[in-house]
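Encoded as structure tokens, the structure appears first; notes follow it.
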Amino acid sequence: MIPFSNKLHVSVHMNKEDANQGKEQQNTATDAWSKNWVVPVVLLMLREWNSYGYELMEKMATFGLNAVNPGTFYRTLRQMEKDGMVSSTWDTSEGGPAKRVYSITDAGEAYLKFWAQSLDQYQKMMNTFFRLYTNPFKPSDKKDGN
């Protein structure tokens, strides 16, 4: 977690133009982060229940992915289907137009497992980073070979 106090201290000394540029960079970073998480989050949800695209998109907010563009989201679902990670069927049981119901496939399960294993490794690196960050190595702690 980035210490918020440092961000606040820095922003006090920025002019308005610099602050707006910082917001744009943060939005770009957040957008990129969000795009990377759409596929694994959808797969995680589909592992628990089959669902309509609209319902999946609404539930993305649970993971902090609030601003998912609907067009991009549906294109991602279609690409996931082409890649074999999800499958869909048409549900005509309810009144009104037919809706696609998505479910995870074996390939999607394998991708999700790979993603979780990668995150586990990443979390270990982050834990090490923050342990060293909060308890910095001091040169006096270094053993001299004397």
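The values are calculated or read from the model by the stated rules, or taken from the named source; none is laboratory data. Keep in mind that this is a model prediction, so the values were computed, not measured. So basically every Cβ, Gly included, is an ideal-geometry build from the backbone, and we count neighbours across all protein chains shown.
In summary, K23 fulfils each of the numbered conditions (1) in a helix (DSSP H, G or I); (2) at pLDDT 60 or above; (3) within 27 Å of F130 (Cα to Cα); (4) not small (G, A, S) with the single exception of condition (2). Within the range 27-38, identify whether any single residue is assigned to a helix (DSSP H, G or I), closer than 30 Å to F130 by Cα, among the aromatic types (F, W, Y) and modelled with pLDDT of 85 or more, and answer yes or no. For the range 27-38, residues assigned to a helix (DSSP H, G or I), closer than 30 Å to F130 by Cα, among the aromatic types (F, W, Y) and modelled with pLDDT of 85 or more: present. Checking the condition of a type in the set (A, V, I, L, M), buried (at least 17 other Cβ atoms within 10 Å of the Cβ) and either assigned to a helix (DSSP H, G or I) or in contact (Cβ under 8 Å) with a residue 12 or more places away in the chain (or both), which residue from L44, L77 passes? It is L77. When residues in the range 60-72 are screened for being closer than 11 Å to V41 by Cβ and assigned to a helix (DSSP H, G or I), 4 of them pass. Looking across the range 80-113, the residues that are touching a residue at least 24 places away in the same chain (Cβ under 8 Å), farther than 14 Å from Y52 by Cβ and crowded, with 16+ Cβ neighbours inside 10 Å come down to M80, M85, I104, G108, Y111, L112.
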